[in-house]
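Undergrad: Structure below; questions to follow.
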Amino acid sequence: MVEMADLLQLVVDEGVSDLHIEVGVPPVVRLHGDMTPLDLPPLTAEDTERLVKSFASEVHIQKIQEVGSVDFGFAFGDQARFRVSAFKQKNCFGTILRQIPNTLLTFEQLGLPDSVKNLLYRPRGLVLVTGPTGSGKSTTLASMINIINNERACHIITVEDPIEFYHPHKKSVVIQREIGSDTISFEDALRRALRQDPDIILVGEMRDLETIEAAITAAETGHLVFGTLHTCGAAETVDRIVDAFPTTQQQQIRTQLASSLIGVISQELLPRCDKKGRIAAFEIMIQTPGIQALIRDNKTFRITSELQTGAKHGMNTMDMHLFELYKQGKIAYEEMVNMARDQQDLINKAKELAEQLEEEGN
């Protein structure tokens, strides 16, 4: 009989990112981006219920029964933490667990440039880390908070759903609040945070108008605010924020964003081709007078060209970084093209590179 502790130990030992427990299939793991069934019998409804109940609290089980699902975090001894989504499907229990790395990465390990690290020392402003689910946004943000915690004497407040990385007090004092158990919502926690003498505020997810508005206000009133959005690219991020507001407020929000948005880091995780594992590709936008003007004047369609020419400020487009990783032999041609915003442009550049290498070889 398969036991949850054995499955979690396997996840930790093999560096698995996600574990899927569902009726009708064996336990399935996601390793380096690929879904792989374990060599075990398919799980029955009794198996999945027993496995979920072996680590979920009575409160969590009750919530599944009442509303159909629950999200929470839990620790597997001192080896790892997991972010859990447990649910009912076809009237059976199921769960997906994502492993949260115990070791926070340095900027060098993440592959982020100094231009982004400089944002961590700004006295105020809004820094957004964006990308699809599973692109490593939480890891990047936790690493940023860890650097501030190590190097600055600040009061840091994080609002998360659920708490993923635990930050002990170091040079900074860190308060971590979890939606559901410590506070009712991101919006409420943000509003109250402003009365708790913060220097740094981390918003786990800017998922609605009220939370976005509260985050912008906090950034404007003298705080350094970090947040995430499920967007791909700097221009789309600005548009998504503006479009969340009623038409009558959009020009005012553009003006507020132009002054408060000091950086957008958009990321994607890709399989490496030079060794096992995955590597992050980044698009980086840093606040400059030119970027501010484009946001204020509703010309976000020109942000990409600003990034292409903004290398001296530490900016680059996603396609620029993808091509660089391909040139360095870290990602495969197919991965570069699949993730590209302008596929034809990168296909042409790869062809030119191949011709150039061929000429040099002759």
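The values are calculated or read from the model by the stated rules, or taken from the named source; none is laboratory data. A quick note: this is a predicted structure, and the numbers were derived from the prediction, not measured. Counting neighbours? That spans all protein chains shown, and the Cβs are built from the backbone with ideal geometry, glycine included. To get the accessible areas, we keep the full protein, side chains included, count just its heavy atoms, and leave off ligands, DNA and RNA. Shrake-Rupley method; radii C 1.70, N 1.55, O 1.52, S 1.80 Å.
Undergrad: Once the piece of chain linking R122 and D34 is laid out straight, how much longer is it, given 0.36 nm per residue of separation minus the C-alpha distance between them?
TA: So the chain would gain 27.8 nm between R122 and D34.
Undergrad: So, with a 1.4 angstrom probe, what is the percent of accessible area on segment 256-362 that is carbon and sulfur?
TA: That share works out to 45 percent.
Undergrad: Here's another thing I want to ask about it. Could you check the simple spin-label distance between E358 and K88, using points 7 Å along Cα→Cβ, in nm with one decimal?
TA: About 6.2 nm, to one decimal.
Undergrad: Can you tell me the dipole magnitude for the chain around its Cα centre, using point charges on the Cβ only (Lys, Arg +1; Asp, Glu -1), in Debye to the nearest 20?
TA: 980 debye
Undergrad: Between F282, L322, A193, whose Cα lies farthest towards the positive end of the dipole of the chain when Lys and Arg beta carbons carry +1 and Asp and Glu beta carbons carry -1, centred on the Cα centre?
TA: Of the listed residues, the answer is A193.
Undergrad: I've got another one for you. Can you give the accessible area of R341 in Å² (nearest 10), computed on protein heavy atoms with a 1.4 Å probe?
TA: R341 has an accessible surface of roughly 110 Å² with all protein chains in place.
Undergrad: K327: which lysines have alpha carbons under 23 Å from its alpha carbon, excluding same-chain residues fewer than 8 sequence positions away?
TA: Hits, sequence-local ones excluded: K275, K276, K312, K349, K351.
Undergrad: Which length gain, in nm to one decimal place, applies between V25 and M1 when the Cα-Cα distance is subtracted from 0.36 nm times their residue separation?
TA: 7.2 nm
Undergrad: For semi-axes √(5λ) of the Cα gyration tensor in Å, the choices are (i) 37, 21, 19; (ii) 45, 23, 18; (iii) 35, 29, 19; which was calculated from the structure?
TA: (iii)
Undergrad: Could you tell me how many cubic angstrom of Cα convex hull volume segment 190-247 has per residue?
TA: 86 Å³
Undergrad: Shifting gears a bit: Among K63, K90, K137, K351, what's the order by accessible area (1.4 angstrom probe), most exposed first?
TA: Of K63, K90, K137, K351, the descending order of accessible area is K90, K351, K63, K137.
Undergrad: Taking the alpha-carbon centroid of each part, what is the distance from segment 141-190 to segment 207-275 in angstrom?
TA: Cα centroid of segment 141-190 versus Cα centroid of segment 207-275: 19 Å apart.
Undergrad: Something else now. With no solvent and one equal point scatterer placed on each C-alpha of segment 113-204, evaluate the Debye formula and give log10 I(q)/I(0) for q = 0.16, 0.21, 0.22 Å⁻¹, two decimals.
TA: Relative scattering, expressed as log10 I(q)/I(0), comes to -0.65, -1.15, -1.25.
Undergrad: Distance from the Cα centre of segment 308-346 to that of segment 284-299, in angstrom?
TA: Spelled out, the Cα-based centre of one part sits 22 Å from the other.
Undergrad: Please work out the FRET efficiency for the pair K351 and T288, using the Cβ-Cβ distance as r and a Förster radius of 35 Å; give the result to the nearest 0.05.
TA: 0.60
Undergrad: Please compute the length gained on full extension between S185 and R296, using 0.36 nm multiplied by the number of residues separating them and subtracting their Cα-Cα distance.
TA: The span from S185 to R296 would gain 37.0 nm if fully extended.
Undergrad: Let me know the charge dipole size of segment 1-146 about its Cα centre in debye, to the nearest 20, where only the beta-carbon of Lys, Arg (+1) and Asp, Glu (-1) is charged.
TA: 800 debye
Undergrad: For D342 paired with F245, estimate the spin-label separation in nm (one decimal), with each label point 7 Å from Cα along the Cα-to-Cβ line.
TA: Roughly 3.0 nm, to one decimal.
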